[in-house]
1. Can you pull the one-decimal nm distance between simple spin-label points at LYS115 and VAL144, each 7 Å off the Cα toward Cβ?
2. Sort ILE111, ILE186 by accessible area with a 1.4 Å probe, largest first.
3. Sort 12-24, 77-89, 150-162, 93-105 by the packing proxy (mean of other Cβ within 10 Å over each peptide's residues), most packed first.
4. Can you list residues from other chains, or at least 5 along the same chain, whose modelled amide H is less than 5 Å from the amide H of GLU206?
5. If the only charges are +1 at each Lys and Arg Cβ and -1 at each Asp and Glu Cβ, what is the size of the charge dipole of the stretch 17-120 around the Cα centre, to the nearest 20 debye?
6. Expressed in nm to one decimal, what extension gain is obtained for the pair MET178 and ASN227 from 0.36 nm per residue of sequence separation less their Cα-Cα distance?
7. Rounded to the nearest 10 Å², what accessible area does ASP183 show when all protein chains are kept and the probe is 1.4 Å?
8. Quick one: plug the Kirkwood hydrodynamic radius of the stretch 1-142 (C-alpha pairs) into Stokes-Einstein at 25 °C, 0.890 mPa s, and report D in µm²/s.
Amino acid sequence: MSAVEINPEGPNHVAIIMDGNGRWATQRGRPRLFGHQAGAKRVRQAVETCPSLGVKYLTIFAFSTENWKRTQSEIAGLMALFRRHIQREANYLHRLGTRVRFIGEREKLDIKLQKLMDYLEKLTENNDTTHLTVALNYGARDEVTRATKRLAVEVAEKRLRPEQVNTEVLASFLDTYMLPDPDLVIRTSGEARISNFLLWQSAYAEYEFIDTHWPDFTPDVFASVVNRFGGRDRRYGAVKA
Ligand code: FPP
(Lines give C-alpha, C1' and ligand atoms only; values in the text may rest on other atoms or scores of the structure.)
Protein backbone atom coordinates (compact mmCIF):
# COMPACT_ATOMS: atom_id res chain seq x y z
CA MET A 1 0.00 0.00 0.00
CA SER A 2 1.06 3.62 -0.34
CA ALA A 3 2.77 5.13 2.70
CA VAL A 4 0.32 7.03 4.90
CA GLU A 5 1.17 9.23 7.82
CA ILE A 6 -0.67 8.30 10.98
CA ASN A 7 -3.15 10.98 11.90
CA PRO A 8 -3.14 11.34 15.72
CA GLU A 9 -6.79 12.36 15.50
CA GLY A 10 -7.66 9.34 13.41
CA PRO A 11 -10.06 6.63 14.61
CA ASN A 12 -8.86 4.26 17.31
CA HIS A 13 -11.69 1.80 16.66
CA VAL A 14 -13.07 1.18 13.18
CA ALA A 15 -16.07 -1.10 12.69
CA ILE A 16 -16.95 -2.37 9.22
CA ILE A 17 -20.14 -3.74 7.68
CA MET A 18 -18.56 -5.75 4.87
CA ASP A 19 -21.29 -5.63 2.24
CA GLY A 20 -21.39 -6.40 -1.47
CA ASN A 21 -19.65 -9.76 -1.80
CA GLY A 22 -22.68 -11.26 -3.55
CA ARG A 23 -23.12 -8.38 -6.01
CA TRP A 24 -19.39 -8.32 -6.74
CA ALA A 25 -19.51 -12.03 -7.67
CA THR A 26 -22.75 -11.73 -9.66
CA GLN A 27 -21.27 -8.87 -11.70
CA ARG A 28 -18.52 -11.30 -12.68
CA GLY A 29 -20.93 -14.12 -13.48
CA ARG A 30 -19.64 -16.14 -10.54
CA PRO A 31 -21.44 -17.78 -7.57
CA ARG A 32 -21.93 -15.67 -4.43
CA LEU A 33 -19.44 -17.78 -2.51
CA PHE A 34 -16.72 -16.62 -4.89
CA GLY A 35 -17.43 -13.10 -3.61
CA HIS A 36 -17.18 -14.23 0.01
CA GLN A 37 -13.82 -15.88 -0.73
CA ALA A 38 -12.54 -12.66 -2.29
CA GLY A 39 -13.94 -10.81 0.75
CA ALA A 40 -11.98 -13.05 3.11
CA LYS A 41 -8.73 -11.96 1.44
CA ARG A 42 -9.65 -8.34 2.07
CA VAL A 43 -10.16 -9.12 5.76
CA ARG A 44 -6.52 -10.23 5.96
CA GLN A 45 -5.37 -7.05 4.19
CA ALA A 46 -7.50 -4.79 6.37
CA VAL A 47 -5.94 -6.30 9.49
CA GLU A 48 -2.45 -5.87 8.04
CA THR A 49 -3.20 -2.23 7.23
CA CYS A 50 -4.47 -1.19 10.67
CA PRO A 51 -1.11 -0.41 12.35
CA SER A 52 -0.02 1.93 9.54
CA LEU A 53 -3.34 3.81 9.87
CA GLY A 54 -3.15 4.06 13.65
CA VAL A 55 -6.23 1.86 14.01
CA LYS A 56 -5.90 -0.23 17.15
CA TYR A 57 -9.34 -1.89 17.12
CA LEU A 58 -11.02 -3.35 14.05
CA THR A 59 -14.45 -4.94 14.33
CA ILE A 60 -15.98 -6.68 11.32
CA PHE A 61 -19.51 -7.92 10.69
CA ALA A 62 -19.03 -11.42 9.28
CA PHE A 63 -22.44 -13.04 9.85
CA SER A 64 -25.59 -11.52 11.29
CA THR A 65 -28.46 -13.10 13.20
CA GLU A 66 -30.52 -12.29 10.08
CA ASN A 67 -28.12 -14.06 7.68
CA TRP A 68 -29.68 -17.45 8.63
CA LYS A 69 -32.45 -16.47 6.18
CA ARG A 70 -30.05 -17.07 3.26
CA THR A 71 -30.08 -20.34 1.30
CA GLN A 72 -28.76 -23.44 3.05
CA SER A 73 -25.96 -23.73 0.53
CA GLU A 74 -24.76 -20.14 1.06
CA ILE A 75 -24.88 -20.56 4.86
CA ALA A 76 -22.98 -23.86 4.70
CA GLY A 77 -20.45 -22.28 2.34
CA LEU A 78 -19.92 -19.32 4.65
CA MET A 79 -19.52 -21.53 7.72
CA ALA A 80 -16.97 -23.68 5.88
CA LEU A 81 -15.19 -20.50 4.83
CA PHE A 82 -15.02 -19.25 8.42
CA ARG A 83 -13.62 -22.61 9.58
CA ARG A 84 -11.03 -22.74 6.80
CA HIS A 85 -10.11 -19.11 7.29
CA ILE A 86 -9.41 -19.61 11.01
CA GLN A 87 -7.38 -22.75 10.31
CA ARG A 88 -5.32 -21.02 7.62
CA GLU A 89 -4.91 -17.61 9.20
CA ALA A 90 -4.46 -18.41 12.90
CA ASN A 91 -0.66 -18.57 12.91
CA TYR A 92 -0.30 -15.60 10.60
CA LEU A 93 -2.61 -13.43 12.72
CA HIS A 94 -0.69 -14.53 15.79
CA ARG A 95 2.65 -13.58 14.19
CA LEU A 96 1.21 -10.16 13.30
CA GLY A 97 0.42 -9.68 16.98
CA THR A 98 -3.32 -9.58 16.38
CA ARG A 99 -5.64 -10.33 19.26
CA VAL A 100 -8.76 -11.98 17.86
CA ARG A 101 -12.09 -12.12 19.64
CA PHE A 102 -15.59 -13.01 18.56
CA ILE A 103 -18.89 -11.40 19.49
CA GLY A 104 -22.39 -12.76 18.88
CA GLU A 105 -24.23 -15.83 20.03
CA ARG A 106 -21.85 -18.71 19.47
CA GLU A 107 -23.98 -21.54 20.84
CA LYS A 108 -25.98 -21.60 17.59
CA LEU A 109 -22.83 -22.13 15.48
CA ASP A 110 -21.57 -25.60 14.68
CA ILE A 111 -19.39 -27.11 17.35
CA LYS A 112 -16.31 -27.43 15.13
CA LEU A 113 -16.44 -23.73 14.35
CA GLN A 114 -16.97 -22.86 18.02
CA LYS A 115 -13.87 -24.88 18.94
CA LEU A 116 -11.78 -23.08 16.33
CA MET A 117 -13.04 -19.73 17.61
CA ASP A 118 -12.08 -20.67 21.18
CA TYR A 119 -8.68 -21.86 19.95
CA LEU A 120 -7.94 -18.63 18.08
CA GLU A 121 -9.02 -16.47 21.00
CA LYS A 122 -6.80 -18.43 23.36
CA LEU A 123 -3.83 -18.48 20.94
CA THR A 124 -3.87 -14.70 20.54
CA GLU A 125 -5.02 -13.61 24.00
CA ASN A 126 -1.75 -11.89 24.92
CA ASN A 127 -1.35 -10.00 21.64
CA ASP A 128 -1.80 -6.26 21.47
CA THR A 129 -0.80 -4.95 18.01
CA THR A 130 -4.31 -4.89 16.57
CA HIS A 131 -7.50 -6.02 18.29
CA LEU A 132 -9.65 -7.78 15.70
CA THR A 133 -13.21 -8.53 16.75
CA VAL A 134 -15.30 -10.69 14.45
CA ALA A 135 -19.07 -10.43 14.80
CA LEU A 136 -20.36 -13.91 14.00
CA ASN A 137 -24.04 -14.71 14.49
CA TYR A 138 -24.25 -11.20 15.85
CA GLY A 139 -27.22 -8.86 16.01
CA ALA A 140 -27.33 -5.80 18.23
CA ARG A 141 -30.90 -6.39 19.41
CA ASP A 142 -30.05 -9.99 20.24
CA GLU A 143 -26.94 -8.79 22.11
CA VAL A 144 -28.91 -6.24 24.17
CA THR A 145 -31.61 -8.85 24.87
CA ARG A 146 -29.04 -11.41 26.07
CA ALA A 147 -27.33 -8.74 28.19
CA THR A 148 -30.65 -7.71 29.73
CA LYS A 149 -31.48 -11.32 30.60
CA ARG A 150 -28.14 -11.75 32.39
CA LEU A 151 -28.59 -8.44 34.15
CA ALA A 152 -32.10 -9.44 35.24
CA VAL A 153 -30.68 -12.63 36.80
CA GLU A 154 -28.14 -10.55 38.75
CA VAL A 155 -30.96 -8.37 40.06
CA ALA A 156 -33.27 -11.32 40.80
CA GLU A 157 -30.50 -13.06 42.72
CA LYS A 158 -29.78 -9.81 44.57
CA ARG A 159 -26.18 -9.37 43.39
CA LEU A 160 -27.23 -6.07 41.81
CA ARG A 161 -29.81 -3.52 42.93
CA PRO A 162 -32.04 -1.92 40.23
CA GLU A 163 -30.80 1.56 41.22
CA GLN A 164 -27.21 0.46 40.48
CA VAL A 165 -28.03 -0.13 36.82
CA ASN A 166 -26.61 2.67 34.68
CA THR A 167 -25.12 2.90 31.18
CA GLU A 168 -21.71 1.60 32.31
CA VAL A 169 -23.26 -1.39 34.08
CA LEU A 170 -25.43 -2.26 31.09
CA ALA A 171 -22.42 -1.87 28.74
CA SER A 172 -20.47 -4.31 30.90
CA PHE A 173 -23.05 -7.01 30.10
CA LEU A 174 -22.74 -6.55 26.33
CA ASP A 175 -20.56 -8.82 24.15
CA THR A 176 -18.27 -5.81 23.62
CA TYR A 177 -17.60 -5.18 27.33
CA MET A 178 -13.85 -5.32 26.60
CA LEU A 179 -13.83 -2.85 23.70
CA PRO A 180 -13.84 0.92 23.41
CA ASP A 181 -16.76 2.30 21.40
CA PRO A 182 -16.22 2.53 17.63
CA ASP A 183 -15.14 5.95 16.39
CA LEU A 184 -15.89 5.21 12.76
CA VAL A 185 -18.33 2.75 11.19
CA ILE A 186 -17.82 2.00 7.51
CA ARG A 187 -20.39 0.25 5.33
CA THR A 188 -19.34 -0.82 1.87
CA SER A 189 -21.46 -1.36 -1.22
CA GLY A 190 -23.72 1.67 -1.27
CA GLU A 191 -26.47 0.95 1.25
CA ALA A 192 -26.93 3.58 3.98
CA ARG A 193 -28.23 1.26 6.72
CA ILE A 194 -26.88 0.03 10.04
CA SER A 195 -28.48 -3.42 9.82
CA ASN A 196 -28.50 -4.17 13.55
CA PHE A 197 -24.73 -3.68 14.00
CA LEU A 198 -23.32 -2.28 17.27
CA LEU A 199 -26.39 -0.09 17.88
CA TRP A 200 -25.55 0.78 21.48
CA GLN A 201 -21.79 1.13 20.95
CA SER A 202 -22.02 3.40 17.89
CA ALA A 203 -24.12 6.09 19.55
CA TYR A 204 -21.43 8.71 18.84
CA ALA A 205 -19.61 7.06 15.94
CA GLU A 206 -19.09 8.75 12.61
CA TYR A 207 -20.46 6.84 9.63
CA GLU A 208 -19.04 6.40 6.16
CA PHE A 209 -21.16 4.72 3.51
CA ILE A 210 -19.04 4.01 0.46
CA ASP A 211 -19.98 2.56 -2.92
CA THR A 212 -17.02 0.14 -3.11
CA HIS A 213 -18.01 -3.54 -2.77
CA TRP A 214 -16.17 -5.30 0.05
CA PRO A 215 -13.97 -7.44 -2.28
CA ASP A 216 -12.65 -4.17 -3.77
CA PHE A 217 -11.85 -2.65 -0.37
CA THR A 218 -8.10 -2.22 -0.88
CA PRO A 219 -5.69 -0.79 1.69
CA ASP A 220 -5.79 2.48 -0.29
CA VAL A 221 -9.58 2.68 0.02
CA PHE A 222 -9.26 1.94 3.75
CA ALA A 223 -6.64 4.67 4.11
CA SER A 224 -8.72 7.26 2.27
CA VAL A 225 -11.81 6.61 4.43
CA VAL A 226 -9.77 6.74 7.63
CA ASN A 227 -8.06 9.95 6.53
CA ARG A 228 -11.40 11.65 5.89
CA PHE A 229 -12.29 10.93 9.51
CA GLY A 230 -9.44 13.15 10.77
CA GLY A 231 -11.15 16.25 9.44
CA ARG A 232 -14.35 15.73 11.43
CA ASP A 233 -15.35 17.74 14.45
CA ARG A 234 -16.86 15.40 17.06
CA ARG A 235 -18.71 17.09 19.90
CA TYR A 236 -20.56 14.23 21.63
CA GLY A 237 -23.62 16.46 22.02
CA ALA A 238 -21.68 19.35 23.57
CA VAL A 239 -20.91 22.77 22.06
CA LYS A 240 -17.23 23.37 21.30
CA ALA A 241 -15.69 26.45 22.93
C1 FPP B 1 -22.03 -9.30 2.86
O2 FPP B 1 -22.09 -9.41 1.47
C3 FPP B 1 -21.11 -10.23 3.41
C4 FPP B 1 -21.39 -11.24 4.29
C5 FPP B 1 -22.72 -11.54 4.82
C6 FPP B 1 -20.35 -12.13 4.76
C7 FPP B 1 -19.08 -11.48 5.15
C8 FPP B 1 -18.06 -12.50 5.03
C9 FPP B 1 -16.85 -12.32 4.53
C10 FPP B 1 -16.26 -11.05 4.09
C11 FPP B 1 -16.05 -13.54 4.40
C12 FPP B 1 -14.89 -13.65 5.25
C13 FPP B 1 -15.02 -13.25 6.65
C14 FPP B 1 -14.12 -13.64 7.57
C15 FPP B 1 -14.22 -13.19 8.95
C16 FPP B 1 -13.05 -14.57 7.20
P17 FPP B 1 -23.47 -9.86 0.83
O18 FPP B 1 -23.42 -11.31 0.62
O19 FPP B 1 -24.59 -9.37 1.68
O20 FPP B 1 -23.42 -9.09 -0.52
P21 FPP B 1 -24.67 -8.58 -1.36
O22 FPP B 1 -25.37 -7.55 -0.51
O23 FPP B 1 -24.05 -8.01 -2.58
O24 FPP B 1 -25.54 -9.77 -1.63
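The values are calculated or read from the model by the stated rules, or taken from the named source; none is laboratory data. Keep in mind that what you see is a predicted model, and the values were worked out from it rather than measured. Backbone-built Cβ (ideal geometry, glycine too); neighbour counts: all protein chains shown. SASA here: full protein model, heavy atoms, side chains in, ligands and nucleic acids out. Shrake-Rupley method; radii C 1.70, N 1.55, O 1.52, S 1.80 Å.
1. For LYS115 paired with VAL144, the spin-label model returns 3.7 nm.
2. On the way: ILE111 110, ILE186 0 Å².
Listed by decreasing accessible area, they come as ILE111, ILE186.
3. Details: 12-24: 22.5, 77-89: 16.8, 150-162: 11.2, 93-105: 19.2.
Result, highest mean first: 12-24, 93-105, 77-89, 150-162.
4. Sorted by chain and number, the residues that satisfy this are LEU184, VAL185.
5. With Lys and Arg at +1 and Asp and Glu at -1, about 280 debye.
6. Working: separation 49, 0.36 × 49 = 17.64 nm, distance 2.59 nm.
Taking 0.36 nm per residue and subtracting the Cα distance, the gain is 15.1 nm.
7. Per-residue accessible area (ASP183): approximately 30 Å².
8. Details: Rh = 15.9 Å.
So the translational diffusion coefficient is about 154 µm²/s.
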